[in-house]
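Below is one structure, written out as structure tokens; comments come after it.
The values are calculated or read from the model by the stated rules, or taken from the named source; none is laboratory data. Treat the numbers as computed from the prediction; the structure is a model and nothing was measured. Because the Cβ atoms are built from the backbone with ideal geometry, glycine has one as well, and the counts that use them run over all protein chains shown. Just the protein is used for accessible areas: all its heavy atoms, side chains included, with ligands, DNA and RNA removed. Shrake-Rupley method; radii C 1.70, N 1.55, O 1.52, S 1.80 Å.
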Amino acid sequence: SKCVIKHFPDLQQNYAPLANQLQTLELSGVDRADSVQDNLAEILKGDASDASNRLGGEQSALFDDLCWAKEVKTAFDNGIGGKIKQANTLLTEIPALPNIGITGQLITETQTSQEELTDYIGRDDFYTFQPDIQQRISDIEGNIAIHAALLSDEKKAGHAAELKRLMSLQDWAMLAEEDKNRLGAELNSLAIPAATDLASIKALINEQFVITTELKRIEAEIEESANQQDEEEDEPGGDDGGETDVKTVNLPLPRQPYSPQEIESFIARLEEVRLELEKGQKIKIIWQQ
């Protein structure tokens, strides 16, 4: 009893934060940590005369709980809390990614490691699996890095193709030079961010939505500006005072089934139009089916 009164208040103080730490990290053992505190408070009542009953038997639940609490505290002191937090982030955010394409592959390829990680941190003796927890985290993060690079490359390629498409539109060619410069600067500002980890993958997905929305807005503005330019050119005494006439060109589209001769003729006609555009001739193309 004298030994309990001397030493157990220190144990009570040392193990007091355990329940809260376990609960914050969503680990098992919260009830056990609370039970340790309750038993320590109970045994320290009065002169600790109940100590022999609780600790003197060949088997002692309190003794086992105190040994467990010591191991848990040591693990937290050695930084396992940070690893558990890292594991929880991976286990929460990876399944929340879009389950298609490259992110879908990431979910599938890390499934086994996720399941093993869930099992390790779901045990009361999770602290004994610290090397395994670290290994699974490393495996998952390595897989994330690979798929992050693939996703970045895919998004950048798609973005470049979309910019090329917009600048090859017939409406784009009809824009005034000032509008081309302004809209071109806006297009060039829509850069795809690089992705290297889970956080940047999420940022890339969010940014892709913003960029797609902006591209749609710019495409609509290109069409509107081109229509306005076309209307101005059709007005008598347009913006150039009639110095440069707008030439109307009828271009019949090839009909299926295509023949090499029809395709060659069509390309040659387009080449003629391109040469006239380079010379400054304004051309209005009417596509004929």
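Any residue that is of a type in the set (D, E, K, R), modelled with pLDDT under 90 and outside any loop (DSSP other than H, G, I, E, B) - is there at least one of those in segment 12-35?
No, the conditions are met nowhere in segment 12-35.
To keep it simple, each residue is scored yes or no on (1) open to solvent by less than 50 Å² (accessible area, probe 1.4 Å); (2) within 19 Å of ASP139 (Cα to Cα); (3) part of a helix (DSSP H, G or I); (4) in contact with a Lys or Arg (Cβ under 7 Å, 6 or more places away or on another chain).
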{"residue": "ASP65", "(1), (2), (3), (4)": "yes, no, yes, yes"}
{"residue": "LYS70", "(1), (2), (3), (4)": "no, no, yes, no"}
{"residue": "THR74", "(1), (2), (3), (4)": "no, no, yes, no"}
{"residue": "GLY82", "(1), (2), (3), (4)": "yes, yes, yes, no"}
{"residue": "GLN86", "(1), (2), (3), (4)": "no, yes, yes, no"}
{"residue": "THR92", "(1), (2), (3), (4)": "no, yes, yes, no"}
{"residue": "LEU97", "(1), (2), (3), (4)": "yes, yes, no, no"}
{"residue": "THR103", "(1), (2), (3), (4)": "yes, yes, yes, no"}
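Does GLY142 count as at pLDDT 95 or above and small (Gly, Ala, Ser)?
Criteria met by GLY142.
Confirm whether SER265 is modelled with pLDDT under 85 and either surrounded by 14 or more Cβ atoms within 10 Å (Cβ to Cβ) or within 33 Å of the chain's Cα centre (by Cα) (or both).
No; evaluated as a whole, the condition is false for this residue.
Within segment 192-221, restricting attention to residues that are β-branched (Val, Ile, Thr) and outside any helix (DSSP H, G or I), which residue is modelled with the lowest pLDDT?
Of everything passing the filter in segment 192-221, ILE192 is modelled with the lowest pLDDT.
Can you tell me which residues in segment 118-152 are touching a helix residue (DSSP H, G or I) at 6+ places or on another chain (Cβ under 6 Å), farther than 15 Å from ALA87 by Cβ and of a type outside the set (A, V, I, L, M)?
HIS147
For segment 153-191, what are the residues that are small (Gly, Ala, Ser), open to solvent by 40 Å² or more (accessible area, probe 1.4 Å), more than 28 Å from LEU106 (Cβ to Cβ) and not in a helix (DSSP H, G or I)?
Within segment 153-191, just SER168 meets the criteria.
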